[in-house]
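Note sheet for the following structure.
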């Protein structure tokens, strides 16, 4: 399996991938990702070079977004003073579930964040998805706090405010990494 940056032509594939994940989550009884994700917002993050795809042959089997920025209102100024990178939108195709693709992708993100000079790999997860929270705890993340106040980007109540972090470190993830070397925090 190889990991590559998403390209503008991948947006429709990524939206379909997210819809598949949302349908699976719905079958599990969670409301996570039930609102369609705005295509223009996804296009912007793809253009920014922060969306990555795991490919098994020609099939997209996982995706993750890794950025230097987080949604406002989640992390404190003191927390922002420590170099960090933030993951979001991690999903794995059901065809590859149970194969530790997600865990390896988190290791890849932590490795990339470390090489960029970050001390922490951070995330915000759906506040009502306890299975997802337990997954991140098993992956070595520590729960920081849950933020319920404030509003989500779409103007509704905050639903993704379960905050967690783990230290970054160089890691062997097993992917053929076809991504460019990460920019260093503080560069440019």
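The values are calculated or read from the model by the stated rules, or taken from the named source; none is laboratory data. Because the structure is a prediction, the values reported are computed rather than measured. No Cβ is skipped: glycine too gets one built from the backbone with ideal geometry, and neighbour counts run over all protein chains shown.
Brief remarks follow.
- Selection of first residues in segment 146-169 that are at positive phi and assigned to a loop (DSSP other than H, G, I, E, B) and of second residues that are at pLDDT below 90 and surrounded by 11 or more Cβ atoms within 10 Å (Cβ to Cβ), restricted to Cβ pairs under 6 Å at least 6 apart or on distinct chains, gives the following pairs, ordered by first then second residue: 150/73; 150/158.
- Reported count of residues in segment 73-107, each being touching a residue at least 60 places away in the same chain (Cβ under 8 Å) and on the phi > 0 side of the Ramachandran plot, is 2.
- Index of the failed condition, residue 26 passing every other in (1) at pLDDT 80 or above; (2) under 19 Å from residue 95 (Cα atoms): (1)
- As a summary of the residue check, residue 129 satisfies the conditions (1) out of contact with any helix residue (DSSP H, G or I) (no Cβ under 7 Å at 6 or more places or on another chain); (2) modelled with pLDDT of 90 or more; (3) crowded, with 20+ Cβ neighbours inside 10 Å except for the one numbered (2).
- Test for residue 109: is it more than 22 Å from residue 62 (Cα to Cα), modelled with pLDDT of 95 or more, touching a strand residue (DSSP E or B) at 6+ places or on another chain (Cβ under 6 Å) and crowded, with 19+ Cβ neighbours inside 10 Å: no
- Subset of segment 112-126 (residues that are surrounded by fewer than 19 Cβ atoms within 10 Å (Cβ to Cβ) and modelled with pLDDT under 90): 126
- Number of positions in segment 70-104 that are loosely packed, with under 12 Cβ neighbours inside 10 Å and modelled with pLDDT of 90 or more: 4
- Residue in segment 125-137 that is under 30 Å from residue 57 (Cα atoms), within 13 Å of the chain's Cα centre (by Cα) and either assigned to a strand (DSSP E or B) or free of Cβ contacts under 8 Å to residues at least 12 places away in the same chain (or both) present: yes
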